[in-house]
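Heads up: the structure comes next, in structure tokens.
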Amino acid sequence: MITIAAEWKPRTQPVVMSPAAPEPQEGPRDPKAEERAYDRALVARAKEGDRDAFREIYERHRHKVYKVAYGMTRNQDDALDVVQDAFVKAHRSIARFEGRSSISTWLCQIATHQAIDLSRRRKVRKADTLEEGLVAKKKAGDAPREKAQASELSAALSEALGELSEKHRSVFVLYTVKGLSYKEIASTLEISIGTVMSRLFYARKNLQQMLAEFAPQ
């Protein structure tokens with residue numbers, strides 16, 4: 001007698017669905033990182049001789065360089081000359097830019113040295129107005145007396161800056177106007193961080209002494 005085995009059927013078990021992998025989510029944008037990356041791309045193109053790339057570097061950073069130049073020279077015409085000379089020099093030496101600092105810091109470093117050279121060749125002229133953003137101060141009200149006091153403070157501060165030595169003024173301007181860190185200033189002026197801190201301390205101390213009459217009672 002031949003026995004025919006029953007047809008085999010697979011054991012039925014409930015099918016467990018694995019959870020779907022989550023969709024990759026982009027992290028928060030970092031505008032500063034994006035700006036630095038774009039600057040690096042422009043520099044790479046400029047090194048290859050792309051004039052449009054260097055022209056865009058100029059447009060992106062000329063205002064920052066001007067603020068540093070004006071803070072150093074305290075004169076609009078001299079500041080414009082410094083900016084022009086700084087970018088001409090940068091264009092000639094862009095191939096040697098190693099990227100150890102940002103392109104903005106490098107340009108400001110060139111402008112700082114150009115301004116120092118200019119001040120050595122020419123007597124520093126008194127500026128008519130206080131450097132914008134140099135020192136945070138209380139906004140003057142509408143009263144004529146308050147406006148007169150603000151004008152006197154502007155003139156006094158401008159004159160006091162002229163009395164500082166070049167080495168103290170350059171550190172003060174880079175820290176106050178450009179907002180550079182101690183490390184960035186040290187790299188720009190090729191001095192130690194300790195020297196930066198020392199010069200900034202004495203610059204502030206001297207300015208406080210020269211502007212003592214304007215200190216709040």
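Key figures for this structure:
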quantity	calculated
Whichever residue in region 100-127 is at pLDDT 70 or above and β-branched (Val, Ile, Thr) and, among such residues, is nearest to Ala86 (Cα to Cα)	Ile110
Matching residues in region 63-84 - criterion: being crowded, with 17+ Cβ neighbours inside 10 Å and not hydrophobic (A, V, I, L, M, F, W, C)	Lys64, Tyr66, Lys67, Tyr70, Gly71, Thr73, Arg74, Asn75, Asp78, Asp81
Members of region 184-214 found to be within 19 Å of Ile116 (Cα to Cα), small (Gly, Ala, Ser) and loosely packed, with under 12 Cβ neighbours inside 10 Å, listed by number	Ser192
Any hit, region 13-26, residues being farther than 30 Å from His168 by Cβ, β-branched (Val, Ile, Thr) and at pLDDT below 85	yes
Residue that is of a type in the set (A, V, I, L, M, F, W, C), under 18 Å from Gln114 (Cβ atoms) and modelled with pLDDT of 85 or more, where the choices are Leu180, Leu174	Leu174
Pair list, Cβ < 9 Å and 6+ apart or interchain, from region 146-175 residues that are more than 12 Å from Ala203 (Cα to Cα) and loosely packed, with under 15 Cβ neighbours inside 10 Å to residues that are at pLDDT 70 or above and not basic (Lys, Arg)	Glu159/Met210
For Gly99: the one exception among (1) in a helix (DSSP H, G or I); (2) in contact (Cβ under 8 Å) with a residue 40 or more places away in the chain; (3) more than 30 Å from Ala160 (Cβ to Cβ)	(1)
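The values are calculated or read from the model by the stated rules, or taken from the named source; none is laboratory data. Quick caveat: nothing in here was measured; it's all calculated off a predicted structure. Cβ atoms come from the backbone with ideal geometry, glycine included; neighbour counts cover every protein chain shown.
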